Every structure is written in structure tokens, then in C-alpha cells.
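What follows is a short report on a single structure.
Each value in this text was obtained by applying a stated rule to the coordinates, not by laboratory testing. Being a predicted model, the structure only gives us computed values, none of them experimental. Please note: Cβ atoms are built from the backbone with ideal geometry, for glycine as well, and neighbour counts cover all protein chains shown.
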Number of protein chains: 2
Amino acid sequence: MSRAPEPSEVLLLGPGPSPVPPEVTRALAAPLLGHLDPEFIALMDRVKRQLRDVFGTRAEFTLPISGTGSAGMEASLTNLLEPGDRAVIGVHGVFGARMVDCARRLGAEVAVVEAPFGEALDSDAVRRAALAGPTRLVAFVHAETSTGVLQPTDGIVAAARDAGALVLADCVTSLGGVPVDVDAAGFDAAFSGTQKCLSVPPGLAPLTFGPRAMERVAARRAPPPSWYLDVAMLAGYWREGVQRAYHHTAPVAMVYALARGLDLVLDEGLAARWERHRQAAALLYAGLDELGLRCVVAPALRLPQLTTVAVPDGVDAEVVRRRLRDEHRIEIGGGLGAMKGRVWRIGLMGHGARPDVVRRLLAALRDVLAA
Amino acid sequence: MSRAPEPSEVLLLGPGPSPVPPEVTRALAAPLLGHLDPEFIALMDRVKRQLRDVFGTRAEFTLPISGTGSAGMEASLTNLLEPGDRAVIGVHGVFGARMVDCARRLGAEVAVVEAPFGEALDSDAVRRAALAGPTRLVAFVHAETSTGVLQPTDGIVAAARDAGALVLADCVTSLGGVPVDVDAAGFDAAFSGTQKCLSVPPGLAPLTFGPRAMERVAARRAPPPSWYLDVAMLAGYWREGVQRAYHHTAPVAMVYALARGLDLVLDEGLAARWERHRQAAALLYAGLDELGLRCVVAPALRLPQLTTVAVPDGVDAEVVRRRLRDEHRIEIGGGLGAMKGRVWRIGLMGHGARPDVVRRLLAALRDVLAA
């Protein structure tokens, strides 16, 4: 009998997936229910309520898309944009560029507002772009996983409002690690992934559409080109308290895992969780400083859950990563796009944002860099 | 601490998801690797090889899409069709109708060939439709989960060839339960789901694109409207033996489960697995006959893994289903679309296609129908 080998235990301190708590792993392996079973439907309702609490929204349409974080991006854009719509998209990393690609495929006219990788978008530049034409949507990445920058949002949201545009925030890496607060921040739509600060395996994309976004969906001239990610149909499948309209088959085991992961997030409390991420990052910064390593992002813009570290001159970034993986069973990330080979990306996300984890990483880094 | 309740153990004999073998459940809970970890990449390569064996194809582009079966449908159509393309789509159940909706959203001109629910498509009608105009694609459902019909394929494939069209087969429910043999059958593209006869939880959609389908992808005037399901990008991410191009984050735990599920399928052997499904169905037919219940589909067209049973006059279909679920912990399916309330759908799929399972179901049905 030929069998796939058992995976090694690796401490996941890259840009995601993040370490999964044992309780979430056990939930994955719970008895499988049918996707229309009354118990599973009750669990879907529970997950929707939990996601509203975690996103900080009262929006009825708040649910996990049956795909990874990128499916959340695509669901947002394919439902909010129609051919010929003008969209302003901020690009200060790989994930902003990805939204531009996605929006252009949908026939949108995209105005790109750029900032150098490692910096934040300038809200005045966003304002100028949004007012330069009738703008349907302003989209940006709240936590750029490719650079480790936390984007300030107030100026962007105000600019979008003044232009009469909807606001879409990529919260893949921010949700659960730093404040998101969708309603208070004024995001009309936001998406995330399960495998970052929620510490659930990859496979689902939490998505929320507020009232203005749902109005846009209702006012479309034609349904979106995606049947699988059609928000109007998904709303029927995930509708609470009434007969569900069958759409697709939800990934039942992954929904179990998400429900348990959200239990843990809400038991801990969002404020306590954000503070835990902040403290783990502070410990990391101090340790990196002792090792003579430099963080790329200015302190005020740093994401606690994702730290971009400059690779010192004369050090081979990939050799260090490989030795951490093989000798210490620790994964950290390499640079993406313009930062390839020049940085490491260290994720302290969700279950990984703990002092013992930081100490283990620092000891391993010291060992690898010494020899 | 608030916790989502533990799911009940329910024997899954509906139209999917199907029962999951304990080994597959354990694989779900294996230590999570990063999605670019060398061990995980080796597992991706293994899964591709396994899927080729199960689909009966040598096509390089054979991999699991990161979504449920419907995402496999959408990936097929969004990559093979461009606006203005003519597609002939067979509709003899709900899942054919779904392909029509999906193709029209993509701007295709769709010619529908219909057959009554419970019957098969007429290949002469497909031929006439395919020759009535320049046709890009002929698509049909190989195993209609909504009716329990196994569609004969030779006539449809020949018609498509004569029209110079590509052939797309929805093999969601057929794969692993009846012969599929993509290359021998002449399918240019086929998709499936993990939660039917492969007996893996829902969440992935095996997809294969043969040489002609890949030529079509390369010859497109514009990339597909879907970024998430773009076959050219997915080919880069799942490419073997060379540096992967990062696309999305694969659902790692689900890929573990699929790898183990495919281990079990290939260990058993496809021919033995098909025969097991056939024998389980024969036992079911005999038992239904004893209970005075009638199968809707003619014997020659019946899918062994999905049996549509007529609800007798005077019996409330939903009451029977609810009692099976609550008193016997067995799920069977109700009717979909035109068959709602008029049939039950009994799935004996993958791990569920066993004589002890059939006997347990028949005893429960006898009990519920008696009182």
C-alpha cells in the first residue's frame, strides 16, 4: 500500500498559514454532517454571527466564501464592479497589484495609486484619483502581507466618500491581529482569509458586504461573470432562519474549523488578542535589534503580525530560510515581488503570537546567522 | 467559554457529502505545513499524479481547484469560453442548467439541448445543435446528481468532434464510482468534487484540461474574468519539478485529505471500486423492490452511486427524511428542481457503498415507512 508521507511538524512563522491551535485541528476531524443538515445550518448561522463580531460589523451579508483569501478578493470585485466602472486601487505591495489585475479582467477602468513597497499609500493621492472621474470603488490593502505595512484608513475612506465611491478593504492579514472595525472605519466591503491571524487552516475567505455594497449588487445591470462567487446567490444559501436556497456544497470540515477558531478568538477577546500581537512584535523587534537586524518598515506603519526584515549584506536569504526549516523546523517567508531576496518576512499570527514562540525563533536565527 | 456544539454522527447516504474513511479524517488533522514548503510541494506533485490515474488521463494540467465542485465547473467554463463563443450544453437535470447559467454570464451564446429529468440526452439532438453553428464547446453532465442518470458519452463526443468543438464533462458524481477514463472517452476537460465517490470532505474540485483545452487557453483573446480560477496561472503554481509561481494559498489540510483519499482509491483499484458500487446498488435495488419502492431511472441508465426513488402516493417525502435523520441518524437527499417533493435521492458513494450500509438503510426505511 502506497501512502503519502506524514507531514513534518514545522513552526509556521511565515506570512501564513499560521500555527493552528489543537482545538481547531480536532474540530477539522469532527464527524462530517451533510451541508444541508439542520445542525450544520445552525453552525452556519453561528459562524455568521461570530464573523460579524470579529469584523466589527452589523452587516447581514457576512460569511465565509468557499475558497482561500484570494477568492474573497475576487468575490468582492466581481460583485461590486461592472464593465466600464472606474475603480481606484492602491498598490503598495503585491496584493494591491493583484486587485488591479482582477479588476481589469472584469472590464473595469482602473486608476492605480502607487506607493513604494514598504511605505503606506498617500490619502491625498487617493483623493485626487478618486475625484478625477466618476468612481465606483476605492480599494486598498489594509495589511500588506508582502511588505508588513499597516495602511492608515481614515483619509482613504473620506476620499472615497467625497467621490461617492464604495470602499473595499483587503483585511486578509489584518483581521484578528490589529483593529479592523468595518462599520466604524466606514468600509463598505472587506474580505479576509482564515490562515492568518484567525489561525485556522487555509480554505475559507471571510467576506462582509455592508448596505451600500448590497445596494450596488442589487442595482447591477447584469449578474457577475462568476456563478460560484455570486453574492446574491450566496446570500440565499447562507440566509438565516428560513429555508436555504441550495447553491454549492459548503466545505463542511473547514467550516467546523473556522467555527472553533472564532470561538477561540472571541473567548480571548479582540482587544486582548490585538495586545498579544503587539507584545509579541515588541519582543521580536528587541531581539532582532540585538542580532543587528533591521526592520524595513517605519515603526508607526509596522504590522505587529508581519515583520519585514532586511537581509544583511553578504547573507544569502534563501540559505538562512532553508537552514531554519531543516535544522530548526521553523518556516519564515522570503520576499515577494520587488522585495525578493532582499527581505525575510516573519509572521507572528494568531496562535503564533506568543513570547515562547518569539524566543524559539530568535534563538534559531542567532544560531543560523552565527555559522 | 462559548463553544460550537460537537456535530452528531450521521450516516451520509444523500447526494454528497459521502462518509469519510477514518484514515482520511486523520489526514485532515495532520500537522499543517506552509503551502510552499518542499514537503507540501512534493505532496502536490503526488496528488497530481494520483488524479491523473483516477481521471484516466495523461494530461499535465490535472489538479484540485481550491473550491468545491461548482468551482471546478466555473474554472472549466471561464477558461474555455470567451464572449460570443457558441456553446452547446445538455440539460437533463439541475447541474446542466447550472452550466447554462454560468456560460451565459461569461457572454457565451448557449444552445440548450434538453432531455426530461430522469432520462439521458439524445446524442442526435446534441449533434444537430453542435452543427447548427460554429461551436466552441459541448458540455454535459456525466452523472446527474439531481436525477441519478448516467449519461452515455460516445455519441456526444463524436458529435462534438465532427463540429470541431471541445468536450467538457461534469464528472462530479461519476469520478471514482463508475468508469470515467477521460482520455479514452475523448473528454477535453472534466471536473469533479471530492465529496462524492472519492469520499473526501467537500472543499476541492479535481480538474483536468487536455491538450486541446490548453491550446484554447493559450489562444484566448483576453485572460478569463476570473483571477482565482485562471488556468494559466494555476498551471504555474502547480507546475512540477521547477520553481512554483505563487498564486493563491492552497487549502493545505484539504489537500492532505485528498491525497489520503486518493491513496485509498488507488489501493483498492478503480475496477474493484466500480464493482463495489455496482454490487451495493444491486443490493439496494433488491431491497427497495421488497419495500414496494420504485426507482425512477431506467435500469440501463442508473447511476449505482445515486438512486432516485419515487415517493409513494400519500407519503410525505420530508417527514420520512426527517425521521431517518432524527431516529436513525441517516441522511438521504430530497428532490431538486422539478423533482422536489417527488423523489428521494439515495447516495451509496465511496466509503458508503458497502453491503452493511445498505442493510442499515433498508432496515431504517422499513421502520419509518411502516409507521
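What percentage of all Cα-Cα pairs in the stretch B:89-165 are separated by more than 22 Å?
The share of Cα pairs beyond 22 Å in the stretch B:89-165 comes to 16 percent.
If R0 is 41 Å, what FRET efficiency do you get for A:Ala218 and B:Arg49 from their C-beta distance, rounded to 0.05?
0.35
Could you pull out the pairs from B:Lys48/B:Lys196; A:Lys48/B:Lys48; A:Lys48/A:Lys196 whose alpha carbons sit more than 27 Å apart here?
Among B:Lys48/B:Lys196; A:Lys48/B:Lys48; A:Lys48/A:Lys196, the Cα-Cα distance tops 27 Å for A:Lys48/B:Lys48.
222 nm [θ] for the protein assembly as shown, helices only, -39500 (n - 2.57) per DSSP H run of 4+, per residue, to 500?
Computed mean residue ellipticity for the protein assembly as shown: -12500 deg cm²/dmol.
Taking amide H positions as placed 1.01 Å from N in the peptide plane, with prolines and chain starts having none, which residues 5 or more places from B:Asp85, or on another chain, fall under 5 Å of its amide H?
Hits under the 5 Å cutoff: B:Glu109.
Obtain the nm distance between the two label points defined at A:Asp122 and A:Glu9 by a simple spin-label model: each point lies 7 Å from its Cα along the Cα-to-C-beta direction.
5.1 nm
If the chain between A:Glu109 and A:Ala282 were fully stretched, how many nm would it gain, using 0.36 nm times the residue separation less the Cα-Cα distance?
Extra length from A:Glu109 to A:Ala282 when fully extended: 58.1 nm.
Which one of A:Phe40, A:Gly193, A:Ala280 has its Cα pushed farthest toward the positive end of the charge dipole of the protein assembly as shown, where Lys and Arg give +1 and Asp and Glu give -1 at the Cβ?
Farthest towards the positive pole: A:Gly193.
Let me have the relative contact order for the stretch A:63-172, percent, based on Cα pairs under 8 Å that are six or more residues apart.
With pairs under 8 Å counted, the relative contact order is 27 percent.
When only Cα pairs under 8 Å and 6 or more residues apart are kept, what is the percent relative contact order across the stretch A:22-266?
28 percent
Suppose we keep just the alpha-carbon trace of the stretch B:50-139; what are its Rg and Dmax in angstrom?
14.1, 39
Quick one: give the max-minus-min coordinate of the C-alpha atoms of the stretch B:268-310 along each principal axis, largest first, in Å.
Largest to smallest, the principal-axis extents are 34, 19, 13 Å.
What does the C-alpha gyration tensor say about the overall shape of chain A? Classify as rounded when a/c is under 1.5, otherwise prolate if a/b is larger than b/c, or oblate.
Note, shape of chain A comes out oblate.
Suppose each label sits 7 Å from its Cα in the direction of the beta carbon; what would the B:Arg161-A:Asp183 distance come out to in nanometres?
So the label points at B:Arg161 and A:Asp183 sit 6.2 nm apart.
Pick from B:Leu198, B:Leu283, B:Leu175: which residue has the top mean-square fluctuation in a GNM of chain B where Cα pairs under 10 Å get a spring?
B:Leu283
Which of rounded, prolate, oblate describes the stretch A:1-63, given a ≥ b ≥ c as roots of the alpha-carbon gyration tensor eigenvalues and a/c under 1.5 marking rounded, otherwise prolate only if a/b is larger than b/c?
Note, shape of the stretch A:1-63 comes out oblate.
Using each residue's phi in the stretch B:205-219, evaluate 6.51 cos²θ - 1.76 cosθ + 1.60 at θ = phi - 60° and report the 3J(HN,Hα) Karplus result to the nearest Hz, with x for Gly and Pro.
10, x, 9, 9, 10, x, x, 5, 5, 5, 4, 4, 4, 5, 8
Considering Cα pairs under 8 angstrom that are at least six residues apart, work out the relative contact order of the stretch A:327-371 and quote it in whole percent.
Reported relative contact order: 27 percent.
Under a crude label model (7 Å from the Cα following the beta-carbon direction), how far is A:Asp356 from B:Ala245 in nanometres?
Distance between label points: 4.3 nm.
Calculate the dipole size of chain A relative to its Cα centre from +1 charges on Lys and Arg beta carbons and -1 charges on Asp and Glu beta carbons; express the result in debye to the nearest 20.
Approximately 260 debye in magnitude.
State the Kirkwood hydrodynamic radius of the protein assembly as shown in Å, one decimal place, computed from all pairs of distinct Cα atoms.
26.3 Å
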